Amino acid sequence: MKIVAICGAGIGSSAILKVNAERVLARLGIEADVTAADIASVQTVATDAQVILTSAEFVDAIGKTFADIVVIENYFDANELMVKLEEALG
Amino acid sequence: MPLPQLTEESVVIGAKAEDWRAAVREAGAALTRSGATLPAYAEEMVRMIDEHGPYVVIAPGLALAHARPGPAVLANGLAVVTLATPVNFGHPHNDPVSVILGLAVADAEAHLASVAELANIFNDEGAIPALAAADSVEEVQRIMGVQL
């Protein structure tokens, strides 16, 4: 399974999302490859992704995708991530 | 890889900023004082938000200001600015912001481990209010895990 975390530069908030998503997935016992990327590369990076994690600002810019787009509000809230990831993957 | 060093020069307590741009520029000035960036990096951080919106407000009360690696980045750097009066970034859930982290990375690949450190600090939900209330540089450094 592939999950992509998207932000503006691909180095700050998406990197934090990646780290926390990996922790939550480990806790859920789900094996997945989580990549952090910037919005400019979303179409190439996310072509084979099941889930895209991002902020509300980027939903329009991500455009057409087969992946589930999961909008995260508090990047440090493991519970929010867990609930939303479980919902998207369940 | 640990977080970039949080030196005295890269911490500002109780900065007066009239809006989010001024707050982000404070973080940029702190990064420049610490030797991590050229002054131009501050405007690059402002431009990222102008371009993509207030997504850098990644948790209630906290903005992670950053731009891309580039010529304005001299070394990996981290700055912490707390505001005397919180400012709004226009974020739907996480405004108002009282703590700005400024992040500069020279190499995007190499810094993931240091960002993991940030996650370790802030997965404790008390960290942001504690930073906002800190009244000394040492206290900020302690919350940020600096060995004093």
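Look at the stretch A:58-65: the mean tally of other chain Cβ atoms within 10 Å of its residues' Cβ atoms is 1. Scalar couplings 3J(HN,Hα) for the stretch B:113-122, obtained by applying the Karplus form with A = 6.51, B = -1.76, C = 1.60 to θ = phi - 60°, are 5, 6, 5, 4, 4, 4, 4, 4, 5, 8 Hz; x denotes Gly and Pro. For B:V11, nonlocal amide neighbours, meaning residues 5 or more places apart or on other chains whose placed amide H falls under 5 Å from its own, are B:V80.
With the simple model of a label 7 Å out from the Cα in the direction of the Cβ, A:T65 to A:L89 spans 1.7 nm. Here's the picture: charge each Lys and Arg Cβ at +1 and each Asp and Glu Cβ at -1 in the protein assembly as shown, and of A:A49, B:T7, A:A78 the one pushed furthest to the positive end of that dipole is B:T7. As a calculated quantity, the FRET efficiency between B:E43 and B:E139 at R0 = 41 Å, using C-beta atoms, amounts to about 0.85. Amide H contacts of A:K2: A:D33, A:Q50, A:V51, each under 5 Å away and 5 or more positions distant or on a separate chain (H built 1.01 Å from N in the peptide plane; Pro and chain starts excluded). Charged side chains reduced to their Cβ positions (Lys and Arg at +1, Asp and Glu at -1) give the stretch B:1-127 a dipole of some 200 debye around its Cα centre. Across the stretch B:8-143, Cα pairs under 8 Å and at least six residues apart give a relative contact order of 28 percent.
Secondary-structure-derived ellipticity at 222 nm for chain B, considering helices only, amounts to -10500 deg cm²/dmol, per-run term -39500 (n - 2.57) for DSSP H runs with n ≥ 4.
Averaging the Cα positions of each part gives two centres, and for the stretch B:103-122 and the stretch B:5-46 these lie 18 Å apart.
Taking the Cα centre as origin and putting +1 on Lys and Arg beta-carbons and -1 on Asp and Glu beta-carbons, what dipole magnitude results for the protein assembly as shown, to the nearest 20 debye?
240
When the GluC sites (Glu not before Pro) in the stretch B:58-135 are filtered for DSSP coil states and for at most 12 other beta-carbon atoms within 10 Å of their beta-carbon, the remaining sites are B:E109.
Every read-out reported here was derived from the displayed coordinates using simple, explicitly stated rules and does not represent laboratory data. The shown structure was predicted, so the numbers you read here are calculated from the model rather than taken from an experiment. As a convention, Cβ positions derive from the backbone with ideal geometry for all residues, glycine included, and neighbour counts pool all protein chains shown.
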